[in-house]
Structure formats: C-alpha cells, structure tokens
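Scroll down for the structure; my scribbles are underneath it.
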Amino acid sequence: MISVTARARFSSNVLTGRGARVYESAVVPREFYARPAAEVARDLVGKILVHGGVAGRIVETEAYLGTQDRAAHAWRGPTERTRVLFGPPGHVYVFLVYGMYECLNLVAEPDGVAGCVLIRAAEPVTGLDLMRRRRPRAVRETDLASGPGKLTMAFGIHRRLNGADATRGPVRVHWPVAGEPFDIDATPRIGIRHCADWPLRFVMRGNPCVSR
DNA sequence: CAATAGATCATCT
DNA sequence: GATGATCTATTGC
C-alpha cells in the first residue's frame with residue numbers, strides 16, 4: 001500500500017436550508033477534471049457528491065485510464081457505450097454492472113482523451129432518511145453508500161443520467177467547506193482481472209464508509 | 001468470520 | 001453465447 005498525504009479538508013456538518021437540504025459550497029469546476037485520471041481520482045477523495053436530495057463525502061475512488069488500461073471500458077477505443085469517456089471532462093458516465101447495479105463515474109482528461117474516475121463509496125452527510133428509504137437493506141449508517149452499487153442506490157443515481165454535466169446538471173460535486181486534514185492511501189483496484197496490481201484505488205485512511 | 005452462489009442484462013465476441 | 005468496475009443471503013467452520 002502506498003500512502004499519500006493530502007492537505008485537503010472536509011466538512012462533517014453541512015449546512016441545510018429550510019425544508020429542502022441545500023449544499024452551499026462552490027461546485028468543482030471543469031478544469032479540475034481536465035487532468036490525468038489518477039490525479040483526479042486522488043483529489044476527488046474528500047469532495048462532496050450531491051444528487052437526489054442527498055449529499056455525501058467521497059471516501060473511495062478508482063481511476064480508469066484510456067486505451068492503455070485493459071481494465072477500462074475505454075481500452076478498445078470509442079463505441080456507442082463509451083462515447084462520453086472520450087468527451088469533455090466533468091461529465092457523468094453511468095453504466096450497469098452485473099445486470100443489476102449502476103456505477104457512477106466522472107469523466108477526466110481533456111476533451112478527446114479517455115479516462116474516468118469510479119466513485120466507489122461515500123460518507124452520508126445530508127438526507128440520511130432518504131438514503132435509508134432507498135437502501136432498506138442497510139443496517140449501519142456507514143453501509144448506506146459503502147460500495148459502487150450501494151452508492152448509486154443511496155443517491156438515486158440511474159443510468160439515464162449518463163452524459164450529464166457534473167458542473168451544471170443534477171449530479172454535482174462540491175468543494176468541502178472545512179474540516180480536519182486526512183490521509184489518502186493508494187491500493188490496487190477492486191473486482192477487475194486486467195492490470196489488477198496498478199495502484200489506482202484511493203481511499204480516505206481509516207474512514208469506516210470505505211468498501212470491504 | 002470466510003467462502004460461495006444467485007440474481008440479471010447491456011455490451012461485445 | 002460469454003462476460004462482467006456488485007450486493008446479499010446462506011452455508012459451513
């Protein structure tokens with residue numbers, strides 16, 4: 001395991017509006033995503049994911065590269081399915097895995113270059129009641145979004161959102177407001193056969209919402 | 001607690 | 001026709 005020290009900060013108490021909960025910090029801009037996917041993946045740890053009336057702090061990500069990464073959907077080049085991976089950064093790539101679960105990705109790299117970041121887990125921040133309704137099987141609060149499929153369920157993210165702009169659309173990523181510094185560990189990616197030893201998975205050290 | 005099977009379908013061979 | 005960037009329940013020690 002390779003460790004990386006992050007100077008980023010997080011917020012555990014996010015502000016709420018009256019009635020509807022609103023996340024008020026600035027949205028992460030498109031330039032943030034127009035960098036190598038591994039950097040974007042590392043830097044997304046600690047950011048706030050917002051959709052469907054809930055918000056959570058991203059605690060686990062994975063980078064998927066382009067044609068050189070055999071584990072990535074984009075490795076063969078653009079197809080109808082992987083079109084958005086080759087498009088402009090800061091958009092959302094949602095696909096169905098194992099016939100049953102959705103996976104949420106954020107497109108990285110400049111326009112024309114493939115690369116994305118799988119959002120694997122988040123720590124619930126607001127809308128816990130809604131998340132529980134969407135994930136009745138979850139017993140512990142830390143398991144509401146502790147995996148790629150669980151996360152999309154808890155956030156109400158469906159593949160019809162594929163291609164949406166994460167800087168303007170319904171799915172958004174915000175900067176954290178304030179909080180304690182944390183460390184980030186880099187480990188091999190989960191559940192793949194090719195390139196299984198590349199350290200492209202990034203986790204917030206010690207966070208209980210990371211997947212197993 | 002660890003290992004395993006079953007559910008279920010879009011995409012690509 | 002096979003193959004997954006998974007989750008959950010169940011079995012077995």
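Read-outs: derived from the displayed coordinates by stated rules, not from any lab. Predicted model, so just to flag it, every value in this text is computed and none were measured. Don't worry about glycine lacking a Cβ; one is built from the backbone with ideal geometry, like all the others, and counts go over all protein chains shown.
Highest GNM mean-square fluctuation among A:196, A:74, A:41, for chain A modelled with Cα contacts below 10 Å: A:196. Simple point charges give the picture: +1 on the Cβ of Lys and Arg, -1 on the Cβ of Asp and Glu, and for segment A:37-76 a dipole about the Cα centre of about 80 debye.
Per-residue ellipticity at 222 nm from helix content only, as computed over chain A with -39500 (n - 2.57) for each DSSP H run of at least four residues, stands at -3000 deg cm²/dmol. I need the shape label for chain A. Rule: rounded when a/c is under 1.5, else prolate if a/b > b/c, else oblate, with a, b, c from the alpha carbon gyration tensor. Rounded shape, in that the Cα axes give a/c under 1.5.
Note on chain A: dipole from Cβ charges, positive end direction compared against A:65, A:100, A:118; the farthest Cα belongs to A:100. Most mobile of A:100, A:153, A:131 per a Gaussian network model of chain A (Cα springs, under 10 Å)? Answer for the Gaussian network model of chain A: A:100. Qualifying GluC sites (Glu not before Pro) in segment A:34-137, where qualification requires a DSSP coil assignment and no more than 16 other C-beta atoms within 10 Å, comprise A:80. Since only A:157, A:130, A:33 are under comparison, the one whose Cα sits farthest along the positive direction of the charge dipole of chain A, derived from C-beta charges on Lys, Arg, Asp and Glu, is A:130. Net charge dipole, chain A: roughly 620 debye, given to the nearest 20, about the Cα centre with Cβ charges of +1 for Lys and Arg and -1 for Asp and Glu.
Taking the number of other C-beta atoms within 10 Å as the exposure measure, put A:146, A:211 in order starting with the fewest.
A:211, A:146
Placing +1 on the Cβ of every Lys and Arg and -1 on the Cβ of every Asp and Glu, with nothing else charged, gives segment A:114-157 a dipole about its Cα centre of roughly 200 debye.
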